[in-house]
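Step one of this worksheet: look at the structure below.
Quick note: the coordinates plus some simple rules give every number you see, no bench work behind them. Bear in mind the structure is a predicted one, so any value in this text is a computation, not a measurement. Reconstructed Cβ throughout: ideal geometry from the backbone, glycine too, with neighbour counts over all protein chains shown.
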Amino acid sequence: MSSALEKTMEDTIMFDLAAAPLRELNEKLQTLPGGTNQTAWRIANPRGAHALAVGITTPVQVLIDGHAGYYAAGMNDGAAITINGNAATGVAENMMSGRVHVKGDASQSAGATAHGGLLIIDGNASARCGISMKGIDIVVKGNVGHMSAFMAQSGNLVVCGDAGDALGDSLYEARLFVKGSVKSLGADCEKKQMGAEDAAILSDLLQRAGVAAKPEEFTLYGSARTLYHFHVDNAGAY
Amino acid sequence: MCGIAGLFLKNSALEPQLGALMSQMLNVLTERGPDSAGFAIYGAAAPGQVKFTLRAPAGFDMAGFAARFGASLSVHDDHAVLSLAQEKAAELRNALAKMPEIIVVSVGNRIELFKGIGLPEEVGARFGLAGMAGSHAVGHTRMATESAVTTEGAHPFSTGADQCLVHNGSLSNHNDVRRRLMREGINFATQNDTEVAAGYLSYKLREGAKLDAALTQALEDLDGFYNFVVGTETGFGVLRDPVSCKPAVMAETDDYVAFASEYRALADLPGIEAAHLFEPEPGRVYFWERAA
């Protein structure tokens, strides 16, 4: 066992990045066997390091105790990862399943291309939140920046604050719920009537993210589906 | 890629540590820019004096040259800072105009500007960055994309008296803008895109624009990806292009405002745990100044 590892009374495994390299941490987290009893981890001194706790495939709990750099919790498949600070570009990118909770703000491309799981951001997310999302649920308690949900394919994006320019540009599918204002909608994104099924999905996500808002306070946006097929009338535009 | 670090001190008690703090920040950003590095330090101004930072070839008698103008001299590797009486400045400029081997790196009341090829740590050590004091500093680590790795192509670029610019990104219309600026009498030493942005700001300021207005106009006229950090005699400004692909994070405390390409470069600043951290918004001009 590395000197950076230390088991506490609560059976949380402490890993101090000031004492051991990131590669060692990720190797340990990525090679945990399915039935591991090492289910709770705390990472000290992350200091904005990149690729923290990426590629975990076992349902363990990981607390990153500080600010995280690029692609934190990327490719997560089943773990519950909490970042006790801000996250830089691409937090939870390509998540397959599990849960990632950012206690602070997230930079651009949060939840990019992710297939599943739940990403909760307590603060704001900047540009391109949920870009090309493919099934992930994202709940942002603050605002999202421009081009959020760009080319989103499926999943749900919940924004409790405001959305920036070009929300849902070139959207395939995905539900975009926004409580505040939307600066502008992107190409082929439109306001939708919220049905009972949509409201139930939103209500469940709000409850799981610990947000005390009601579904009727939100507006639903989705794809107008006019970009699905090539229209010969538009040939001159190319 | 490239890395940017900017540090503006509000608390003068930190001034002796400015160079050491900037040095730490730049060294962390080595992975973003290992080709070359540079920094502008705004130190104390002496009344009636002006500072020229010059770069000379090896073997040049800088002490003898400085003595001709009654300038005090501070040598930092291949750079030298000459401080001289303002009324002697024109005479020095005339002499320099006839000496193409001497590069004028910066001119101003407070700015001193140093840059060179190599890892940031080596460049900082060559110039003695860690021992420098001042009120604010702007630094850069370069990974070249648009032009060659040369000392001239390293950042910061001086944009006028006491002004400098660093850039992370790439401009797509720099050839066109360069041609237009050359017609207006702005000179360029390199094919570098950032030098065009610097020249653009020099031109706008020469035409009477304030720096914040010039930066706002840059949003219209410069096309491409950019995070700009500009230094002036009394402060520094930040501008990101409207798409904002290039990373930026800022920290503000009662003691300082800091800019970095990544949080890692801020992690060792004093009191960072309690700092207000934020990402500057796209297409918005930010400016911090203190009374001169």
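Observations
- Tilt relative to chain A, helix A:196-209 - C-alpha long axis, 0 to 90 degrees, to 10: 30 degrees
- Reciprocal of mean inverse Cα separation for chain A (Kirkwood radius, Å): 18.2 Å
- Charges were assigned to the Cβ only: +1 to each Lys and Arg, -1 to each Asp and Glu. The resulting dipole of the range A:53-162 about its Cα centre is roughly 100 debye.
- Rg over Rh, two decimals, the range B:46-108 (C-alpha only, Kirkwood Rh): 0.92
- Where the Cα pairs of the range B:23-175 fall when distances are cut into 5 Å bins, in %: 2, 10, 19, 22, 19, 15, 8, 5, 1
- Percentage of interatomic Cα-Cα distances in the protein assembly as shown larger than 32 Å: 50 percent
- Nitroxide proxy distance, nm - points 7 Å out along Cα→Cβ at A:Q153 and B:E15: 5.8 nm
- Measure of compaction for the range B:146-191 (Cα Rg per 2.2 N^0.38 Å): 1.19
- Placing pseudo-labels 7 Å out from each Cα toward the beta carbon at B:A148 and A:E173 gives an inter-label distance of 5.6 nm.
- The charge dipole of the range A:5-237, taken about its Cα centre with unit charges on the Cβ atoms of Lys, Arg (+1), Asp and Glu (-1) only, comes to about 120 debye.
- Shape summary of chain B, radius of gyration then Dmax from alpha carbon positions: 17.8, 53 Å.
- Whichever aspartates and glutamates have a C-alpha closer than 14 Å to that of A:K28, once near sequence neighbours (fewer than 8 apart) are set aside: A:E6, A:D16
- Shielding by partners - mean other protein chain Cβ count within 10 Å, residues of B:278-287: 3
- Low-density loop positions, trypsin sites (Lys or Arg not before Pro), the range B:66-122 - DSSP coil, at most 10 other Cβ in 10 Å: B:K98
- For chain B, modelled as a GNM whose springs connect Cα atoms under 10 angstrom apart, the maximal fluctuation among B:N175, B:N227, B:N109 occurs at B:N175.
- Pairs of alpha carbons in the range B:199-292 whose separation is greater than 24 Å (percent): 25 percent
- For the range A:137-187, the normalised intensity computed at q = 0.29 Å⁻¹ comes to -1.13 (log10 of I(q)/I(0), Debye sum over alpha carbons, equal scatterers, no solvent).
- Square roots of five times the Cα gyration tensor eigenvalues for the range A:1-100, Å: 18, 16, 11
- Selected from A:H50, B:M132, A:S170, residue furthest toward positive end of dipole (the protein assembly as shown; charges at beta carbon): B:M132
- Label-to-label distance, nm, for residues given as B:A85 and B:A213 (7 Å Cα→Cβ offset): 3.6 nm
- Farthest toward positive dipole pole in the range B:134-292 [+1 Lys/Arg, -1 Asp/Glu at C-beta], among B:F236, B:L181, B:A161: B:L181
- Note on chain B: Lys pairs 8 or more places apart or on different chains, Cα atoms under 24 Å apart, count 10.
- Helix-only CD estimate at 222 nm, as mean residue ellipticity for chain B, using -39500 (n - 2.57) per DSSP H run (n ≥ 4): -7000 deg cm²/dmol
- Per residue of B:239-250, other chain Cβ atoms within 10 Å of the residue Cβ number 3 on average.
- Between B:D221 and B:E281, the contour length at 0.36 nm per residue exceeds the Cα-Cα span by 19.7 nm.
- Size of the range B:174-246 as Cα extents on the principal axes (Å, biggest first): 28, 28, 20
- Note on the range A:5-237: dipole from Cβ charges, positive end direction compared against A:L206, A:A19, A:L157; the farthest Cα belongs to A:A19.
- In a simple Cβ point-charge model (Lys, Arg +1; Asp, Glu -1; nothing else charged), the protein assembly as shown has a dipole of about 500 debye relative to its Cα centre.
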